[in-house]
Amino acid sequence: MPNANDAAQTPQTSRAGGAAHHRVEPVAEELGHRFRAAGFALALVGGSVRDTLLGRLGNDLDFTTDARPEQVLKILRPWADSVWEVGIAFGTVGGMKKAQDTEGRVRSFQIEVTTYRSEAYDRTSRKPEVSYGDTIEEDLVRRDFTVNSMAVGLPGNDFIDPYGGLDDLAARLLRTPGSPESSFSDDPLRMLRAARFAAQLDFEVAPEVVQAMTAMADRIDIVSAERVRDELNKLVLSDHPRKGLRLLVETGLADRVLPELSALRLERDEHFRHKDVYEHTLTVLEQAIDLETEGPDLVLRLAALLHDIGKPRTRRFEADGRVSFHHHEIVGAKLTKARMLQLKYPGELVKDVSRLVELHLRFHGYGSGEWTDSAVRRYVRDAGPLLERLHKLTRSDCTTRNKRKAAALSRTYDGLEQRIAELQEQEELDAIRPDLDGNQIMTVLGIAPGPVVGKAYQHLLELRLEHGPLGEEAATAALKEWWSAQSAG
């Protein structure tokens with residue numbers, strides 16, 4: 001198939017014409033022959049066609065067919081390496097097939113074959129009603145956007161584009177095949193998908209689509225939290241999340257799915273009054289992305305997006321004219337946890353993101369390096385395995401336009417990281433533990449397991465944080481001294 005540079009010049013061909021020669025994966029051609037031999041039509045469809053035209057096709061291939069799911073199973077089972085029926089109630093059969101790609105490399109392709117269909121939500125249901133169609137044109141018109149409403153008939157590679165998807169792809173425009181109101185009534189999640197695709201592909205959204213998103217924003221309420229969460233994740237993990245997030249806020253969709261983000265537009269940052277907190281947040285997100293070293297990091301990006309959501313609840317107007325947001329990191333951590341749980345995020349992810357939000361201001365107590373070694377140890381201990389992400393979040397949180405101030409903050413954080421590295425080398429900070437373990441504590445004090453052992457352990461841990469490694473002898477003496485004071489009390 002043509003690549004992205006060819007898209008604007010590629011002629012639109014009809015099913016009858018079939019003049020263009022499109023390069024599809026050999027595995028798709030092979031599957032097309034199997035469906036034809038069984039008396040059915042098959043077409044590569046949707047995002048698979050779009051991404052091929054953009055030169056970014058992955059291992060996931062989506063097909064559509066006039067065969068019913070039971071017939072699809074009969075064709076796939078003898079051919080695919082594995083087959084699953086998780087989506088069969090919605091007309092989809094999945095499979096995995098190891099095969100050579102167009103470059104001759106052996107890859108594992110994930111395949112989904114869906115019967116021609118249409119689906120719609122009623123006003124109160126969270127689940128779509130599915131009905132099967134008879135033609136590919138019926139199937140394509142019910143898809144979300146024209147750039148996802150193109151197909152390639154197999155075998156033979158006939159290009160099918162009844163709704164102008166190729167022109168919109170060349171124009172980098174998101175439109176719906178039918179009216180946006182009808183499309184969003186069929187599945188309100190498509191409003192979030194518009195924002196997600198804008199962020200992933202760096203496309204513009206057609207004005208009439210934005211207008212419908214704004215007018216119908218409340219319809220997103222019937223979509224399950226899990227589906228909303230998955231779209232938000234894809235948006236946040238995209239190359240241009242600012243673009244998608246802005247669209248959610250401007251259409252009012254954020255008010256329904258992430259109201260804490262919209263609320264930030266009304267606030268002013270206490271340090272950088274030339275930026276409101278909303279703009280500051282989007283900049284922090286982009287700066288955090290620039291610091292990623294091993295691909296998109298959902299924990300870091302969510303923490304950057306949510307780090308200041310406690311500010312609206314904590315805003316105070318001071319007598320000197322300043323605006324303060326005291327303890328907004330504590331409030332923000334609680335709000336983060338509540339919102340993420342509502343969106344059905346996994347518990348470990350909720351814990352990590354809310355912890356980063358809680359810790360993101362800690363560095364500002366460092367001044368120009370006044371922390372004691374004890375304070376540095378506590379910083380590392382409290383961050384735990386999130387320390388590297390906390391470094392990135394803290395650095396990203398500086399959005400001042402004052403270059404001298406930004407450089408000074410960066411140098412100061414460099415100094416903190418250097419101190420952490422030196423202490424880690426000396427003391428194994430990543431695994432700070434008391435000099436005596438629980439068994440040793442019980443032996444020294446002559447006590448059985450119980451709450452007292454935990455209290456003694458915590459006392460020794462505090463001494464370890466405050467003074468560094470004590471050694472077994474000094475720790476034993478300190479433990480006996482503590483026990484003596486406990487007994488006297």
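The values are calculated or read from the model by the stated rules, or taken from the named source; none is laboratory data. Note that the structure is predicted; figures quoted are calculated from it, not measured. With ideal geometry, Cβ positions are generated from the backbone for all residues, glycine too; neighbour counts draw on all protein chains shown. Side chains included, ligands, DNA and RNA excluded: accessible areas come from the protein's heavy atoms. Shrake-Rupley method; radii C 1.70, N 1.55, O 1.52, S 1.80 Å.
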Would you list the helices (runs of 4 or more DSSP H) that sit entirely within segment 218-268 and hold 1 or more residues that are in contact with a strand residue (DSSP E or B) (Cβ under 9 Å, 6 or more places away or on another chain)?
241-251
Within the set of pairs 6 or more residues apart or between chains, which connect a residue that is farther than 19 Å from F203 by Cβ and among the polar types (S, T, N, Q) inside segment 54-68 to a residue that is at pLDDT 95 or above and open to solvent by 60 Å² or more (accessible area, probe 1.4 Å) with Cβ atoms less than 8 Å apart?
N59/Q110
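Report, by residue number, each residue of segment 331-384 that is in contact with a Phe, Trp or Tyr (Cβ under 7 Å, 6 or more places away or on another chain) and of a type in the set (A, V, I, L, M, F, W, C).
If the condition is that a residue be in contact with a Phe, Trp or Tyr (Cβ under 7 Å, 6 or more places away or on another chain) and of a type in the set (A, V, I, L, M, F, W, C), then F363 is the only one that fits.
Within segment 438-474, can you find the residues that are among the polar types (S, T, N, Q) and modelled with pLDDT under 85?
Residues of segment 438-474 that are among the polar types (S, T, N, Q), as a first pass: 439-440, 443, 458.
Hit for segment 438-474 is Q458, nothing else.
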Within the group E358, E370, E292, which residue is open to solvent by 30 Å² or more (accessible area, probe 1.4 Å), in contact (Cβ under 8 Å) with a residue 24 or more places away in the chain and not in a helix (DSSP H, G or I)?
E292
Can you tell me which condition A20 does not meet? The list is (1) modelled with pLDDT under 90; (2) open to solvent by less than 50 Å² (accessible area, probe 1.4 Å); (3) assigned to a loop (DSSP other than H, G, I, E, B); (4) in contact with a Gly (Cβ under 8 Å, 6 or more places away or on another chain), and all the others hold.
(4)
Could you please let me know if S131 is surrounded by fewer than 23 Cβ atoms within 10 Å (Cβ to Cβ) and free of Cβ contacts under 8 Å to residues at least 12 places away in the same chain?
no
I'd like the full set of residues that are part of a loop (DSSP other than H, G, I, E, B) and touching a strand residue (DSSP E or B) at 6+ places or on another chain (Cβ under 7 Å), limited to segment 31-45.
F40, A41
Residue list for segment 134-156, restricted to those being acidic (D, E) and surrounded by fewer than 24 Cβ atoms within 10 Å (Cβ to Cβ):
D134, E137, E138, D144
Subset of segment 125-144 that is within 27 Å of A198 (Cβ to Cβ), touching a helix residue (DSSP H, G or I) at 6+ places or on another chain (Cβ under 7 Å) and not acidic (D, E) - its residue that is modelled with the lowest pLDDT:
R126
Hits in segment 304-321 - residues which are touching a residue at least 40 places away in the same chain (Cβ under 8 Å), in contact with a Ser or Thr (Cβ under 8 Å, 6 or more places away or on another chain) and not in a loop (DSSP other than H, G, I, E, B):
A304, L305, L306
Please go through segment 202-216 and give me each residue that is open to solvent by less than 10 Å² (accessible area, probe 1.4 Å) and assigned to a helix (DSSP H, G or I), ordered by number.
V209, A212, M213
Can A8 be described as open to solvent by 50 Å² or more (accessible area, probe 1.4 Å), at pLDDT below 95 and assigned to a helix (DSSP H, G or I)?
yes
Can you find a residue that is within 26 Å of D187 (Cβ to Cβ), within 25 Å of the chain's Cα centre (by Cα) and at pLDDT 95 or above anywhere in segment 91-107?
yes
Filter result for the condition that a residue is of a type outside the set (S, T, N, Q), under 30 Å from L386 (Cα atoms) and either touching a Gly at 6+ places or on another chain (Cβ under 6 Å) or free of Cβ contacts under 8 Å to residues at least 12 places away in the same chain (or both), over P451, P469
P451
Which of the strands (runs of 3 or more DSSP E) contained wholly in segment 46-111 include at least 1 residues that are touching a helix residue (DSSP H, G or I) at 6+ places or on another chain (Cβ under 9 Å), open to solvent by less than 30 Å² (accessible area, probe 1.4 Å) and aliphatic (A, V, I, L, M)?
60-65, 92-100
For F159, only one of the following conditions fails: (1) touching a residue at least 60 places away in the same chain (Cβ under 8 Å); (2) open to solvent by 10 Å² or more (accessible area, probe 1.4 Å); (3) among the aromatic types (F, W, Y). What is its number?
(2)
Go through (1) outside any helix (DSSP H, G or I); (2) under 20 Å from A225 (Cα atoms) and name the single condition K351 misses.
(1)
What are the residue pairs meeting all of these: first residue in segment 325-336, first residue within 15 Å of G347 (Cα to Cα) and at pLDDT 90 or above, second residue of a type in the set (G, A, S) and outside any helix (DSSP H, G or I), Cβ atoms under 9 Å, and 6 or more apart or on different chains?
A333/G310; K334/G310; L335/G310; T336/G310
Do you know which of the residues in segment 48-65 that are closer than 18 Å to T146 by Cα and acidic (D, E) is farthest from the chain's Cα centre (by Cα)?
D62
